[in-house]
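Everything on this sheet refers to the single structure shown next.
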Amino acid sequence: MSDRIDRIINLIFAIRQLSACHIHSKSSNFSFLQFATLLFIKDKKPLMKELADFLDITTPSATSLVETLVNAKLAKRLHAASDRRIIQIVITAQGQTYLKKGKLVLAKKMRKNLENLNQKEQETLSRILAKILKTKAIK
């Protein structure tokens, strides 16, 4: 059983790497981590500490990552009116556009990979992935 689970884990990492390669292109200087960060920012509008916790990195590392996105005008910092020390990270319109284009590129390339599966395999994969996500065991 352990060998099977190890193989599955390795395959999940390989698929994640495949996704990262599809996002990162010669026309873009942004990494998969930056793309994933933008997705999180878009959905959560987090504080820096929340972003660091989500990415499992230090707050200074998250700050550096956000700085790159801010300099590229893909995200911005918003200071709370009640306490300027509280800084929320939000996505910009340019960041929204970048995400939309990136998702389209990723979906197109991933679709080619998934079309190699027959209908039954696609349905099985869909059920398995939905079940894994439903358990929320990965945090």
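The residues on offer are LEU51, LEU11, and the sole one that is modelled with pLDDT under 90 and either in a helix (DSSP H, G or I) or surrounded by 14 or more Cβ atoms within 10 Å (Cβ to Cβ) (or both) is LEU11. Across region 82-132, the number of residues qualifying as charged (D, E, K, R) and touching a residue at least 24 places away in the same chain (Cβ under 8 Å) comes to 1.
Against the numbered list (1) part of a helix (DSSP H, G or I); (2) touching a Ser or Thr at 6+ places or on another chain (Cβ under 8 Å), LYS73 comes up short only at (1). Condition test on LEU55, is it of a type in the set (A, V, I, L, M) and under 14 Å from the mean Cα position of the chain (by Cα)? Judged against the criteria, LEU55 is a match. Considering (1) closer than 15 Å to PHE40 by Cα; (2) in a loop (DSSP other than H, G, I, E, B); (3) modelled with pLDDT of 95 or more, say which one ILE57 fails and leave the rest. The one condition ILE57 does not meet is (3). Residue check: VAL90 meets all listed conditions (1) modelled with pLDDT under 95; (2) outside any helix (DSSP H, G or I); (3) hydrophobic (A, V, I, L, M, F, W, C) but one, namely (1). Across region 115-139, the number of residues qualifying as in a helix (DSSP H, G or I), at pLDDT below 90 and either of a type in the set (D, E, K, R) or surrounded by 12 or more Cβ atoms within 10 Å (Cβ to Cβ) (or both) comes to 3. The residue that is nearest to ARG84 (Cα to Cα), among those in region 14-48 that are modelled with pLDDT of 80 or more and outside any helix (DSSP H, G or I), is LEU47.
The values are calculated or read from the model by the stated rules, or taken from the named source; none is laboratory data. Keep in mind that what you see is a predicted model, and the values were worked out from it rather than measured. No Cβ is skipped: glycine too gets one built from the backbone with ideal geometry, and neighbour counts run over all protein chains shown.
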